[in-house]
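First comes the structure, then the notes that go with it.
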Amino acid sequence: MESISLNAYAKINLSIDIIGKRPDGYHDVKMIMQTIALHDKVTLEVRDGGIEIECDKSWIPTGADNIAYKAASLLMKEYNIQKGVCIKIAKNIPVAAGLAGGSTDAAAVLKGMNKLFSLNLGENELMAVGKQVGADVPFCIKGGTVLAEGIGEVLTELDSFSKVDIVLVKPEIGVSTAWVYKNLDLGKISIRPDTPLLIKAISNKDRICVAQNMKNVLESVTIEKHEVIKEIKQELMRLGALGSMMSGSGPSVFGIFEDRAKAEYAYEKLKNNKWDCFLTETLCEER
């Protein structure tokens, strides 16, 4: 095998709760993560040596500071891979958006190299490498509907919440995850997600209950600086969403819709707006 192409899927959060701050500076989290159909295309080609990254978007870094590069480099060192690789990324997922756009590319690189170089690593082994690259990478390797705990690397597979219609909106701003966590005051969190209720609703395929009970405790930090997030949430609800929430540390916002027709209606109203807009759906697992 000389080349391989994979879809690198984005994620949204159906809930985010921050339990506390760890001595190492990271935060303990409890959040429900969900794969969606929006994806980048990652193609890997074997080369004689080194790591090269090509991307169809000029603003994406193509050097050692790209997380996909870091993933390839780490795998090469840990498993003594002598050949090189060219990583070609067709980018569709917005960056700095709370959608794991970089992490999912890194996950695709790990999975692709595993096949390309016949490493025969299992999912858990790949996830252990991914954890060293970034907190969201293990989930992006696993995919589907998952409860994430620890710093995001302790993953418990949940019942599938697939084929749920989503409209995703990304305003023309970027948000630093590090900045959001730095400005989070754990003592001021008054309303937290009811995680057991959400897990039960997911199991029952009850999108109405999920939509109405989603909660992201990071919203208070990001919305305080970027009121456009609140504006988008309100607009999605006005256009028929069952519920709307910011994904990750933002600034992307998504709405859950009752059916495809209602999602398409909202998408048509929003797609020519000043924001990037995507009509998508939840997936049961990484494909």
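Just to check your reading of the model, which residue among ILE19, ILE53 is assigned to a strand (DSSP E or B) and modelled with pLDDT of 95 or more?
Unique residue meeting the criteria: ILE53.
Checking the structure you have, find out if any residue of the stretch 174-193 is touching a strand residue (DSSP E or B) at 6+ places or on another chain (Cβ under 6 Å), over 22 Å from ALA97 (Cα atoms) and of a type in the set (S, T, N, Q).
Among the residues of the stretch 174-193, not one is touching a strand residue (DSSP E or B) at 6+ places or on another chain (Cβ under 6 Å), over 22 Å from ALA97 (Cα atoms) and of a type in the set (S, T, N, Q), which makes the answer no.
Being of a type outside the set (S, T, N, Q), surrounded by fewer than 24 Cβ atoms within 10 Å (Cβ to Cβ) and either under 10 Å from the mean Cα position of the chain (by Cα) or outside the structural domain of PRO94 (by TED's automatic domain parsing) (or both) narrows it down to one of ILE19, ILE36, so name that one. Walk me through it before giving the result.
Numbers: ILE19 fails: either under 10 Å from the mean Cα position of the chain (by Cα) or outside the structural domain of PRO94 (by TED's automatic domain parsing) (or both).
None of the other options fit; the residue is ILE36.
Just checking, which of ASP65, ASP40, ASP28, ASP17 is more than 27 Å from CYS284 (Cα to Cα) and of a type in the set (Asp, Glu)?
ASP65
Within the stretch 192-238, can you find the residues that are basic (Lys, Arg), free of Cβ contacts under 8 Å to residues at least 40 places away in the same chain and crowded, with 17+ Cβ neighbours inside 10 Å?
LYS233
Of everything in the stretch 55-70, what is out of contact with any strand residue (DSSP E or B) (no Cβ under 7 Å at 6 or more places or on another chain) and surrounded by fewer than 16 Cβ atoms within 10 Å (Cβ to Cβ)? Give them in sequence order.
Within the stretch 55-70, LYS57, SER58, TRP59, PRO61, GLY63, ALA64, ASP65 meet the criteria.
If you take the residues in the stretch 105-123 that are over 13 Å from LYS70 (Cβ atoms) and in contact with a helix residue (DSSP H, G or I) (Cβ under 9 Å, 6 or more places away or on another chain), which one is surrounded by the most Cβ atoms within 10 Å (Cβ to Cβ)?
In this case the residue turns out to be ALA108.
Report those strands (runs of 3 or more DSSP E) wholly inside the stretch 115-178 carrying at least 3 residues which are out of contact with any Phe, Trp or Tyr (no Cβ under 7 Å at 6 or more places or on another chain).
In the stretch 115-178, the matching strands (runs of 3 or more DSSP E) lie at 145-150, 154-157.
Keeping to the stretch 87-104, report how many residues are surrounded by fewer than 24 Cβ atoms within 10 Å (Cβ to Cβ) and closer than 17 Å to ASP48 by Cα.
Here the count works out to 1.
Might you check whether a residue that is surrounded by 19 or more Cβ atoms within 10 Å (Cβ to Cβ) and assigned to a loop (DSSP other than H, G, I, E, B) occurs anywhere in the stretch 71-86?
no
When the stretch 109-159 is examined, which residues are found to be within 14 Å of the chain's Cα centre (by Cα), within 30 Å of ASN204 (Cα to Cα) and at pLDDT below 95?
Within the stretch 109-159, ALA135, ASP136, GLY152, GLU153 meet the criteria.
Output the residues belonging to the stretch 239-276 that are exposed (fewer than 15 other Cβ atoms within 10 Å of the Cβ) and within 19 Å of ILE191 (Cα to Cα).
Scanning the stretch 239-276 gives no hits.
The values are calculated or read from the model by the stated rules, or taken from the named source; none is laboratory data. Remember, it's a predicted structure, so these values are computed and weren't measured experimentally. Cβ sites come from the backbone with ideal geometry, for glycine too, and all protein chains shown count toward neighbours.
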